[in-house]
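What follows is a single structure, written as structure tokens, with notes after it.
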Amino acid sequence: MKPSLSRGKSKRESYQENYEASKKGGEIFFPQTLARDALIALLVVTAIIVLAILFPVTSEPPADPTSTTYNPRPEWYFLFFFQFLKLFPGWLEPVAAVVIPMIALLILILVPFIDRGLGRGWIQRKRVIGSGVLVVIIFALLEAAGAMSAPATPAGEESPLVQAGRDIYQEINCAYCHSIGGVGGNIGPDLSSVGSQLDRETLSTYLRDPHAMTPTTLHPKLLFTDEELESLTSYLQTVGAPVSFSPEAPMLVEEHCLSCHMINDKGSALGPELSTIGERRTMSFLEAFTNDPQSVLPGATMPTFRDVLTPEQIRDIAAYLSSLKGEAPSPPPPPPSEPQTTEEVSPAPPEPSTPPPVPHTIEGRSACLACHEAGIAEAPKIPEDHSGRTNETCLSCHDNE
């Protein structure tokens, strides 16, 4: 009901009179209003508990910077903002992420000062109610679009064996000594390209007993089960492993790609330059994009090739393009029957040497941090005096002097 204005009185005075009159027929705060609020709060908390029991939220594995199969996406309550950012090119993202939300927050703060009407009914507040409904509709549309949008980079499939190996790598804290992609420690070798440097048999043999292969290594002997060893080896083989392609792949790229793209100063500049495409895009993305560009990036002008090339040819092209990282990709390996043109005599392995003694001072035990810690995490601390405390694992790195 719209407040009536008495003749000769201001809006404030008339509103105060109507407010005092309406209070006489109202209810007191305690217990009526408080009881009603408590009942609603109880219903809300009960609904949250029921939802948590019926639809529990499962935790995902720890973030892994080496994974190329995971697509990060926000929770449902941020999907609208996730979709909103897609409407802006990269150089305008600061405006979308900071400036526009600040303007919206400022408008929300100023609403009480902008809306000075005395009426509180829906009919008297058409403009404000309409603006609120419009905002809710926009949020709902963005939320639905964000939930239904396909990832820009389709997630690849990872075998259960590789997943299990990835978990073992994290559980035994290999990153304390080794790094992959710049993430991890520097006590041991960098494993960013271990998959292209060591074959499966070498990795498995070394992990089973490092000192049997390299007597001078500081790597401890870890007691893996056969299943754990197989899983960890499978995972490490995927880290930095080279992508193989057939001898026909460069010819397919030259025939179907260089009319629009340029690779190593050869081709056309109509489309993006592809000489370093392997540094920016994964093979799974390139395969999906070549197959149907519109399904990956709506609005892409590149034609689809799914009706021109076979799936095997598209995969071959994607493998070749993913190997382009600024230098000419290595040619595919020759068939096994093809004789090698050159032979290199490998140097004789070094004579096994006696492992170094256990250092008597903590300051001299930097390599021991691979297995021990200096007062953090959950690993056993380095003992002040190793006498009588060395065990089989320590003796795999040191002798017992």
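The values are calculated or read from the model by the stated rules, or taken from the named source; none is laboratory data. Here the structure is a predicted model, which means the values were calculated and not measured. For neighbour counting, all protein chains shown are included, and Cβ atoms are generated from backbone atoms with ideal geometry for every residue, glycine included.
What the table shows:
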| item | result |
| --- | --- |
| Some residue of the range 248-259 being part of a loop (DSSP other than H, G, I, E, B) and in contact with a helix residue (DSSP H, G or I) (Cβ under 7 Å, 6 or more places away or on another chain) | yes |
| Count of residues meeting criterion [at pLDDT 85 or above and over 18 Å from Thr217 (Cβ atoms)] in the range 174-183 | 1 |
| Within the range 180-206, tally of residues that are under 28 Å from the mean Cα position of the chain (by Cα) and within 17 Å of Asp226 (Cβ to Cβ) | 2 |
| Some residue of the range 223-238 being of a type in the set (D, E, K, R) and surrounded by 15 or more Cβ atoms within 10 Å (Cβ to Cβ) | yes |
| Residue in the range 85-101 that is over 24 Å from Ala140 (Cα atoms), exposed (fewer than 10 other Cβ atoms within 10 Å of the Cβ) and in contact (Cβ under 8 Å) with a residue 24 or more places away in the chain present | no |
| Output for the range 167-179, where each listed residue is under 19 Å from Glu230 (Cβ atoms) and of a type outside the set (Ser, Thr, Tyr) | Asp167, Ile168, Gln170, Glu171, Ile172, Cys174 |
| Criterion (part of a helix (DSSP H, G or I), at pLDDT 85 or above and either in the same structural domain as Asn291 (by TED's automatic domain parsing) or over 34 Å from the mean Cα position of the chain (by Cα) (or both)) met by exactly one of Val133, Val99, Val128 | Val133 |
| Residues of the range 253-292 that turn out to be hydroxyl-bearing (Ser, Thr, Tyr), under 19 Å from Arg315 (Cβ atoms) and touching a residue at least 40 places away in the same chain (Cβ under 8 Å), as a count | 2 |
| Residue in the range 299-306 that is among the charged types (D, E, K, R), out of contact with any Ser or Thr (no Cβ under 8 Å at 6 or more places or on another chain) and more than 30 Å from Asp167 (Cα to Cα) present | yes |
| Qualifying residue in the range 151-168 (condition: in contact with a Leu (Cβ under 8 Å, 6 or more places away or on another chain) and at pLDDT below 90) | yes |
